[in-house]
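Colleague: Dropping a structure here in structure tokens format, bear with me for questions.
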Amino acid sequence: MIDAPPGRAACCNAGAAAARGPLLLFIHGDTLLPQGFSAMLRNQLRVPEVAVAAFRLRLHPRLPGLWWVEWGTNRRSTRHGLPYGDQGLGLRREAFEALGRFPEQPFLEDLHLVLEARRRGPGAVVTMGASVRSSSRRWEMLN
């Protein structure tokens, strides 16, 4: 456990500063990683052009109509290189620092970091074939 100022960006930046390894993975607290995630992430981040590697999204429990959220998220991520934090964001430490870390803003800090990475050119942001499993609880109120 580490102390950090309030806010997701501040907490992620504090966690990155405390981490010891060359690779960083940011995931939400209600997200489970797929088996073999470490090898998948390492393989993607070995490619010099890749600044950010993310996973596809699968929501759990399965709620009626949520397939469209998964479909839209995965399409946005794979086709347009726009994953969000609930998909897990993996980076090499030097890329994270070069991108300016997470901006300490109230929301969409993950999108800002991904947009900065995309400015590096095609292939800078990749979405892997495996999916994280994230909680669908925030969607329950829509049912």
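Colleague: So if I take the centroid of the Cα atoms in region 82-134 and the same for region 12-48, what is the distance between those two points in Å?
Modeller: Taking the Cα centre of each part, region 82-134 and region 12-48 sit 11 Å apart.
Colleague: State, to one decimal in nm, how far the label point of LEU23 lies from the label point of LEU115, with both points 7 Å from Cα in the Cβ direction.
Modeller: Label-label distance for LEU23 and LEU115, simple model: 2.9 nm.
Colleague: Let me ask something additional. Would you please give the residues with an amide H less than 5 Å from that of ALA130, counting only those at least 5 places away or on a separate chain, with H modeled from the backbone geometry?
Modeller: Residues meeting the amide H criterion: ARG56.
Colleague: Just need the relative contact order of the chain here, percent rounded to a whole number, with Cα pairs under 8 Å and 6+ apart.
Modeller: In percent, rounded to a whole number, it is 37.
Colleague: I've got another one for you. Taking 7 Å along the Cα-to-C-beta vector as the label spot, tell me the HIS80-ILE2 distance in nanometres, rounded to one decimal.
Modeller: Computed distance between label sites HIS80 and ILE2 equals 3.2 nm.
Colleague: Here's another thing I want to ask about it. Would you mind giving the three semi-axes, in whole Å and largest first, of the ellipsoid equivalent to the chain according to its Cα gyration tensor?
Modeller: 23, 18, 15
Colleague: Right, next: Carbon and sulfur: what percent of region 65-143's accessible surface (1.4 Å probe)?
Modeller: Exposed carbon and sulfur together represent 55 percent of the surface.
Colleague: Follow-up question, since we're still on this one. Amide H to amide H, which residues 5 or more places from LEU82 or on other chains are under 5 Å from it, using H placed in the peptide plane?
Modeller: SER77
Colleague: Sticking with this structure for a sec: Could you give the accessible area per residue of the chain, probe 1.4 Å, as a whole number in Å²?
Modeller: Normalised by residue count, the accessible surface of the chain is 58 Å².
Colleague: What does the highest-first list of 54-61, 14-21, 91-98 look like by mean Cβ count within 10 Å?
Modeller: The densest-packed peptide leads the list: 54-61, 91-98, 14-21.
The values are calculated or read from the model by the stated rules, or taken from the named source; none is laboratory data. Keep in mind the model is a prediction, meaning the values are calculated, not measured. Methodologically, a virtual Cβ is constructed for each residue, glycine included, from the backbone with ideal geometry; neighbour enumeration extends over all protein chains shown. Ligands, DNA and RNA are stripped out before the accessible areas are found, and what is left, the full protein with its side chains, is counted by its heavy atoms. Shrake-Rupley method; radii C 1.70, N 1.55, O 1.52, S 1.80 Å.
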